[in-house]
Amino acid sequence: MSCLGVHTLFLGGGCPRLSCLSWEKSNRCFLPKRASSLRALSMPSIAQAPAIEPSVFSFPILINGCTGKMGRAVANAAVSAGIQLIPVTFSSMEKPNRTLKVGNVEIQILGPSEKENVLSSVYNEFPNVIVVDYTVPDAVNGNAELYCKVGVPFVMGTTGGDRELLYKTVKESNVYAVISPQMGKQVVAFLAAMEIMSEQFPGAFSGYSLQVMESHQAGKRDTSGTAKAVVSCFQKLGVSFDMDQIKMIRDPKRQVDKVGVPEEHLEGHAFHLYHLTSPDETVSFEFQHNVCGRSVYAEGSIDAAIFLAKKVQSKADQRIYDMIDVLREGNMR
């Protein structure tokens, strides 16, 4: 089985309850605090940054979290799409004093104390900028508050944080945002199908038991937001299941031996399995989606940024969107 964006459904009769679910391998120095203009910085502005390719999109992008693997993947996807990068990103450490290169763009890494002044300067200089956030769960709410304070539109790809507070913050600020726990377009389509099923057939799986496993790279600290979203659908379908029953797998040896994750993708994968069993154990369902690498999320994030830029430009009445809105627009690359 291919591990890139696979979605499978199995239905069988007379199947014994699984006591231990497993995947088989065969299934497998930048800104003075009072500076008012980005042009005054001791680093290139977007206009001065090395050209990559003529851009077909008329907005720049700032990626908060380029120091992480997911943020770096989004930066590479932006370059491939012909979108110029604002040559700055932020770190949780003060005075990191270093740079990283994406394509031909040298991106300066700045500490948290510089974040507000720099972001304000960038937004003043480039009011059509879109921020894409791939940081850490603990930073979600603080970053969202900053984006809303400055007034900059953003795509929140980071999972975790207080999601209720996140939506409240954005709603009260009237800032444009795409917020989604899952940026993979095909996975989102699967989630949308689950939502439709749960809304149209509530209670259809009443009495069924559910087991859920999700495997991600060891660096992912929180439970998968996608798994939580799917579980929420099953709850509407009548299944009794608590979120803390989701089995998180982060041990590399177990991921290879039990889950079937290819070793080359241990540092970037998302394998999910949902197993349902009828009360008399004669019927079982399995929903599975496996992703290797980060490209599916990076490409979806760029589609979300393009979508959001268009909404800002058209002054759309709706301000908060998710990836299902992006899918429904039907203009993805």
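The values are calculated or read from the model by the stated rules, or taken from the named source; none is laboratory data. Here the structure is a predicted model, which is why all the values come from computation and not from measurement. Virtual Cβ from ideal backbone geometry, glycine too; neighbours counted across all protein chains shown.
Numbers below:
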| item | result |
| --- | --- |
| First in region 92-115 and on the phi > 0 side of the Ramachandran plot, second anywhere and modelled with pLDDT under 90 and buried (at least 16 other Cβ atoms within 10 Å of the Cβ), Cβ under 6 Å, 6 or more apart | 103/52 |
| Any hit, region 273-287, residues being over 16 Å from the mean Cα position of the chain (by Cα) and in a helix (DSSP H, G or I) | no |
| Residue check, residue 230 in a strand (DSSP E or B) and crowded, with 19+ Cβ neighbours inside 10 Å | no |
| From 251, 257, 317, residue being at pLDDT 95 or above, over 28 Å from residue 197 (Cβ atoms) and either buried (at least 19 other Cβ atoms within 10 Å of the Cβ) or assigned by TED's automatic domain parsing to the domain that holds residue 162 (or both) | 317 |
| Residue in region 198-219 that is modelled with pLDDT of 95 or more, buried (at least 16 other Cβ atoms within 10 Å of the Cβ), touching a Lys or Arg at 6+ places or on another chain (Cβ under 9 Å) and in a helix (DSSP H, G or I) present | yes |
| Hey, residue 143 part of a helix (DSSP H, G or I) and more than 15 Å from residue 63 (Cα to Cα) or not | no |
| Residues (out of contact with any helix residue (DSSP H, G or I) (no Cβ under 6 Å at 6 or more places or on another chain), outside any helix (DSSP H, G or I) and surrounded by 15 or more Cβ atoms within 10 Å (Cβ to Cβ)) located in region 68-84 | 68, 83, 84 |
| Odd one out for residue 156, checked against (1) surrounded by fewer than 16 Cβ atoms within 10 Å (Cβ to Cβ); (2) at pLDDT 95 or above | (1) |
| Output for region 140-150, where each listed residue is surrounded by 21 or more Cβ atoms within 10 Å (Cβ to Cβ) and small (Gly, Ala, Ser) | 144 |
| Test: residue in region 272-282 that is among the aliphatic types (A, V, I, L, M) and at pLDDT below 95 | no |
| Some residue of region 123-139 being in a helix (DSSP H, G or I), surrounded by fewer than 19 Cβ atoms within 10 Å (Cβ to Cβ) and within 18 Å of the chain's Cα centre (by Cα) | yes |
| Within region 168-197, considering residues that are at pLDDT 95 or above and in contact with a strand residue (DSSP E or B) (Cβ under 7 Å, 6 or more places away or on another chain), the one nearest to residue 236 (Cα to Cα) | 179 |
